[in-house]
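These notes concern the structure reproduced below.
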Amino acid sequence: MDSLAVDYKDKGVIFYNLYTREPHAGQDHSRRYNGDERYDFTNKPQTKTVEEREDYALQMLKDFNQVRPIMIDIFPDPENEIKPVQQWLGGGAPNSLAVIDREGKLFFWEQWANPESLKEKLEEMADKKK
């Protein structure tokens, strides 16, 4: 996604990363990535506070040199009927994708982010603009 963010930066497209929850809490995925320790989450339990999410998100930015600004999703508050963005979009997956158009309308959403399908949708949006 970062490479798409760079490719579309000068085309008026703004990318954000919404940190919702730790997707691999307590798991070690480093073997999938040739022993890359950035993918070892065994010491990362699921977040329980906004401050923990902020810490994890900042560490992710640092570890992966991300170029996209990061936003931190809230925790649900059923008493006040407050839902995190992730739930409003109908997901629950830690890697969903939403494209909001210039009018603030949801243009495209998928439960699991796919850079190839995102690129197709961005090109479609660009064609409609012409």
Q.
A 19 angstrom limit on the alpha carbon distance is what I want to check against. Which of Lys48/Lys83; Lys9/Lys62; Lys11/Lys62; Lys44/Lys83 exceed it?
A. Lys9/Lys62; Lys11/Lys62; Lys44/Lys83
Q) When the label point is put 7 Å from the Cα of Asp36 along its Cα-to-beta-carbon vector, which residues of the stretch 61-83 have a backbone N closer than 14 Å? A) 61-67
Q) What spacing in nm lies between the two simple spin-label points modelled at Asp55 and Val85, each 7 Å away from Cα in the Cβ direction? A) 2.3
Q. Once the Cβ-Cβ distance between Glu103 and Lys11 is put in as r, and R0 is 22 Å, what FRET efficiency do you end up with, to the nearest 0.05?
A. 0.80
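A short reminder: the numbers here are calculations on the coordinates, not readings from a lab. These numbers come from a predicted model, not from an experiment. As a convention, Cβ positions derive from the backbone with ideal geometry for all residues, glycine included, and neighbour counts pool all protein chains shown.
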